[in-house]
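Here the structure is laid out as structure tokens; the discussion comes afterwards.
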Amino acid sequence: MLDRDRFTGKAGVRAGLARRYKGIPDVHYGNDRHLVCSDGFGVSESTPTGTSIAGQSLEVRGVDLLEYDDDGRITRKDSFWKLLE
């Protein structure tokens, strides 16, 4: 299954995150690691786990690629999940 979504602006991002937590109400992000570079780029890794509202157990490897401005505010975030079996 391929799921592609794009959320822009504060309201859009907020709605996207609300949908994530509604679909996986007990989601937990563990095993996190973060890297920030001086050129406005960063990487965040984690292992989200939880149970979907349909009762399916979930364990994925997540990676976020981040771009940020000179004030440290994130201007772009691309997220990728790989299902773990």
Query raised in the report: Based on the mean of other beta carbon atoms within 10 Å per residue, what is the order of 58-67, 14-23, most packed first?
Result: 58-67, 14-23
Report summary line: Among Val60, Pro48, Phe7, the residue whose Cα sits farthest towards the positive end of the charge dipole of the chain (+1 at Cβ of Lys and Arg, -1 at Cβ of Asp and Glu, taken about the Cα centre) is Phe7
Report summary line: Quick calc, the range 28-83, dipole around Cα centre from Cβ unit charges on Lys, Arg (+) and Asp, Glu (-), nearest 20 debye, gives 300
Query raised in the report: For the range 28-83, what does the alpha-carbon gyration tensor say about shape, rounded, prolate or oblate, given a ≥ b ≥ c as the root eigenvalues, a/c under 1.5 as rounded, and a/b over b/c as prolate?
Result: prolate
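Here, each number is a calculation from the coordinates, and none is a lab measurement. Remember, predicted model here, so these are calculated numbers, not experimental data. All Cβ positions, glycine included, derive from the backbone under ideal geometry; neighbour counts span all protein chains shown.
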